[in-house]
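Heads up: the structure comes next, in structure tokens.
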Amino acid sequence: MKKLILITGFIAGLSSLSYGQSEPPYGMSQLEAYSVFYENFRTGDYETALTFGRWMLEAKPREIQGHRSFTLDTQFDRFIRVYQGLAEDASDPTAKTEYLEKALEIFDLTFETFSEDEIDIFRWTYRKGRFYQDHYRNLPDGLDKAYENYEKTFEMDPQRFTEMNDGYFARILLQNYVSQGEKEKALQMIDEIEQYASATLEQVINEARNDLFDEPEERIEFLESRLAEADNEEELLSELATLYEEVGNREKAIETARRLYDLNPNFENTRTLADISLSNAQYKQALNYLIEAFEKGPSDNVKKEIALEISSTYQNINDLRSAREYARKASQIDPDWGQPYLRISSIYAAAIQQCTSDRKIERQDRTVYWLVLDYLDRARQRDSSVSSTVNRRYDSYTPVMPQAEDKFFEGWEVGEDFRIDGSIGECYSWINETTTVR
């Protein structure tokens with residue numbers, strides 16, 4: 001069985017997101033396939049878990065012979081976490097969104113499959129809303145969908161919804177009603193939740209009442225009229241930027257953010273423009289602001305995160321040399337942080353794809369994978385929290401390294417130094433690092 005898992009691990013990485021499969025793969029029994037699915041889910045090998053478990057989404061078995069505690073809704077929950085895990089590992093924003101949307105399909109499949117007597121519909125609806133909220137940056141209309149699901153949950157059981165997480169979800173739903181100018185919904189909600197509200201939520205309710213009778217549009221008009229003669233222009237612009245976002249006037253919000261930057265190009269205002277550029281996929285413009293924000297970062301922790309974000313953005317535009325430069329900067333700030341080493345390993349793997357985009361991969365190209373694994377080793381040695389990620393990537397890269405036959409024909413001896421530079425191909429000259437024949 002272990003041999004079978006290893007062989008199919010690479011195949012799983014190539015599989016599509018569809019799950020039109022009602023029988024276990026490779027002629028396995030349901031119990032055998034489920035066991036392999038669960039073990040790989042437990043260890044975080046999500047691609048392999050999909051290969052051996054996808055059939056359950058089509059077949060929807062309510063029980064598996066030989067497994068007394070099997071429940072289908074638990075498996076649906078695991079599939080959501082599988083796709084979420086794949087999204088977290090994906091560097092390509094499009095792939096990340098596709099994985100997240102696949103997880104949302106599992107939510108819908110759950111509602112189609114089970115009745116309210118079989119599962120806690122309230123809990124599943126709330127969880128769908130939280131999923132949208134957690135991943136709204138990568139899902140179209142993510143926040144709107146989050147609020148839609150919270151609203152459904154609230155309508156199912158106002159008391160339970162209000163008391164969840166000390167009123168946190170009631171607070172954000174109420175504040176959304178207020179910010180969107182939905183006065184009637186907000187007032188109706190206040191009437192229903194006030195009897196269950198904690199002291200913290202009660203304060204939010206009082207603030208919401210005040211805001212409901214102070215329309216954002218009226219506030220915007222007032223602030224705009226004061227701008228020309230204001231002594232506190234920066235303060236007014238900051239409030240206006242927030243209000244424009246609240247009323248959905250993104251164009252004015254961006255314009256105001258730029259005025260704020262021109263007035264005071266501090267870290268916060270620079271970071272805001274970087275985020276705006278990134279959200280519009282204006283990567284080159286975003287890089288200018290990110291690099292400026294990096295220089296202005298208020299702490300090493302902030303700077304290392306921005307350095308890695310710059311590295312990722314450079315990689316998105318295929319500037320691998322600059323991507324490596326900023327990954328190295330992040331590592332210099334915090335040598336015990338594993339993420340920069342993971343980033344460099346992915347940069348070198350991307351270099352192979354870049355250099356062989358118009359031709360077949362050769363033995364010399366495959367030697368770069370030795371360097372990729374070197375950086376995975378460094379990541380794991382410095383930061384144990386990345387071990388599971390390292391293990392998964394090891395499984396992906398090991399099969400494509402030079403094999404025994406390659407080393408024999410080239411005269412490469414295991415353990416000897418090997419230079420990754422222009423000698424293996426001009427495209428790799430910028431790497432200029434030494435690895436070891438594996």
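The values are calculated or read from the model by the stated rules, or taken from the named source; none is laboratory data. It should be emphasised that the depicted structure is a prediction, and the values quoted were computed from it without experimental measurement. With ideal geometry, Cβ positions are generated from the backbone for all residues, glycine too; neighbour counts draw on all protein chains shown. The protein model used for the area step is the full one, side chains on, heavy atoms only, and it has no ligands, DNA or RNA in it. Shrake-Rupley method; radii C 1.70, N 1.55, O 1.52, S 1.80 Å.
Computed values, structure above
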{"quantity": "Scan of region 101-126 for residues that are in contact (Cβ under 8 Å) with a residue 40 or more places away in the chain and of a type outside the set (A, V, I, L, M), ordered by number", "calculated": "LYS102, THR113, PHE114, GLU118, TYR126"}
{"quantity": "Test: residue in region 75-93 that is open to solvent by 50 Å² or more (accessible area, probe 1.4 Å), out of contact with any Lys or Arg (no Cβ under 8 Å at 6 or more places or on another chain) and more than 21 Å from SER346 (Cβ to Cβ)", "calculated": "yes"}
{"quantity": "Conditions (1) under 33 Å from the mean Cα position of the chain (by Cα); (2) at pLDDT below 90: number failed by ASP211", "calculated": "(1)"}
{"quantity": "Residues satisfying the stated conditions in region 392-433, i.e. exposed (fewer than 12 other Cβ atoms within 10 Å of the Cβ), at negative phi and free of Cβ contacts under 8 Å to residues at least 40 places away in the same chain", "calculated": "GLN403, ALA404, GLU405, PHE408, GLU413, VAL414, GLU416, ASP417, SER423, GLU426"}
{"quantity": "Single unsatisfied condition, THR97 versus (1) under 26 Å from LEU31 (Cα atoms); (2) modelled with pLDDT of 95 or more; (3) of a type in the set (S, T, N, Q)", "calculated": "(1)"}
{"quantity": "Check on GLY44, on the phi > 0 side of the Ramachandran plot and open to solvent by less than 20 Å² (accessible area, probe 1.4 Å)", "calculated": "yes"}
{"quantity": "Test result for SER384, within 24 Å of ARG328 (Cα to Cα), open to solvent by 10 Å² or more (accessible area, probe 1.4 Å) and touching a residue at least 60 places away in the same chain (Cβ under 8 Å)", "calculated": "no"}
{"quantity": "Out of SER346, SER357, SER331, SER311, sole residue that is out of contact with any helix residue (DSSP H, G or I) (no Cβ under 6 Å at 6 or more places or on another chain), under 30 Å from MET401 (Cβ atoms) and crowded, with 19+ Cβ neighbours inside 10 Å", "calculated": "SER346"}
{"quantity": "Those residues of region 136-175 which are under 20 Å from VAL247 (Cα atoms) and of a type in the set (Phe, Trp, Tyr), in sequence order", "calculated": "TYR136, TYR147"}
{"quantity": "Test set (1) within 27 Å of ASN391 (Cβ to Cβ); (2) surrounded by fewer than 18 Cβ atoms within 10 Å (Cβ to Cβ); (3) touching a helix residue (DSSP H, G or I) at 6+ places or on another chain (Cβ under 7 Å); (4) among the small types (Gly, Ala, Ser) - ALA49 fails condition number", "calculated": "(2)"}
{"quantity": "Meets criteria (surrounded by fewer than 18 Cβ atoms within 10 Å (Cβ to Cβ), touching an Asp or Glu at 6+ places or on another chain (Cβ under 9 Å) and either of a type in the set (A, V, I, L, M, F, W, C) or not in a loop (DSSP other than H, G, I, E, B) (or both)) for ARG123", "calculated": "no"}
{"quantity": "Per-region count, region 249-278, residues closer than 16 Å to GLU224 by Cβ, of a type in the set (Gly, Ala, Ser) and in contact with a Phe, Trp or Tyr (Cβ under 6 Å, 6 or more places away or on another chain)", "calculated": "1"}
{"quantity": "Flag if ASP365 is closer than 28 Å to PHE294 by Cβ, among the acidic types (Asp, Glu) and in contact with a helix residue (DSSP H, G or I) (Cβ under 9 Å, 6 or more places away or on another chain)", "calculated": "no"}
{"quantity": "Check on ASN288, surrounded by 13 or more Cβ atoms within 10 Å (Cβ to Cβ) and farther than 30 Å from ALA330 by Cα", "calculated": "no"}
{"quantity": "ARG382 vs. criteria at pLDDT 95 or above, more than 22 Å from THR313 (Cα to Cα) and in contact with a Gly (Cβ under 7 Å, 6 or more places away or on another chain)", "calculated": "yes"}
{"quantity": "All positions within region 214-260 that are open to solvent by 90 Å² or more (accessible area, probe 1.4 Å), basic (Lys, Arg) and modelled with pLDDT under 80", "calculated": "ARG226"}
{"quantity": "Evaluation of TYR136 against (1) crowded, with 19+ Cβ neighbours inside 10 Å; (2) in contact with a helix residue (DSSP H, G or I) (Cβ under 6 Å, 6 or more places away or on another chain) (one fails), failing number", "calculated": "(1)"}
{"quantity": "Criterion (farther than 28 Å from TYR177 by Cα, open to solvent by less than 30 Å² (accessible area, probe 1.4 Å) and of a type in the set (S, T, N, Q)) met by exactly one of SER299, SER322", "calculated": "SER322"}
